Amino acid sequence: MDGVDPLSLEAFERRAKEADERLRALETHFEKLEVNRSASPGHPVLENVLKELKVLESKLVDAKLKHVEMEKENTILKEQTSKLEYQVLHLKRAVRELEQ
């Protein structure tokens, strides 16, 4: 390549590579748009997925409510356990004093 500046050639190759990468990104984006278009509302696959998502969302809400209830119950049980342990401690102390 007579008469071509090496720096110009490098710049040209860099721009060509960047353009190629942008083209690949656009092609990927276009393919995703085509997939989304084929799964538009009314499409059986999308409808089934949406139904399943709604079922899972409902189950998640139920699980969260149950979790909150169980946390409250756990707190109550911990308090009761603490009180009972305190009573056991004093009952053991009273028994030791009576045995002496």
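Brief remarks follow.
- Largest mean-square fluctuation among His90, His29, His67, in a Gaussian network model of the chain whose springs join Cα atoms under 10 Å apart, belongs to His90.
- Protein accessible area in the chain, 1.4 Å probe - carbon and sulfur %: 60 percent
- Rolling a 1.4 Å probe across the protein heavy atoms gives the chain an accessible surface of 97 Å² per residue.
- Take Lys32: with every protein chain present and a 1.4 Å probe, its accessible area is about 130 Å².
- Angle in degrees between helix 6-38 and the longest Cα principal axis of the chain, rounded to the nearest 10: 60 degrees
- Calculated mean residue ellipticity at 222 nm for the chain: -33000 deg cm²/dmol, from DSSP H runs with n ≥ 4 weighted as -39500 (n - 2.57), summed, divided by the residue count and rounded to 500.
- Model label sites at Val88 and Glu57, defined 7 Å from Cα along the beta-carbon direction, differ in position by 4.8 nm.
- Nearby lysines by direct alpha-carbon distance to Lys92 (threshold 29 angstrom, same-chain neighbours under 8 apart not counted): Lys78, Lys83
The values are calculated or read from the model by the stated rules, or taken from the named source; none is laboratory data. Every value quoted in this text rests on a predicted model; they were computed, and no experiment measured them. Because the Cβ atoms are built from the backbone with ideal geometry, glycine has one as well, and the counts that use them run over all protein chains shown. When the accessible area is computed, the model is the full protein with side chains, heavy atoms only, and any ligands, DNA or RNA have been set aside. Shrake-Rupley method; radii C 1.70, N 1.55, O 1.52, S 1.80 Å.
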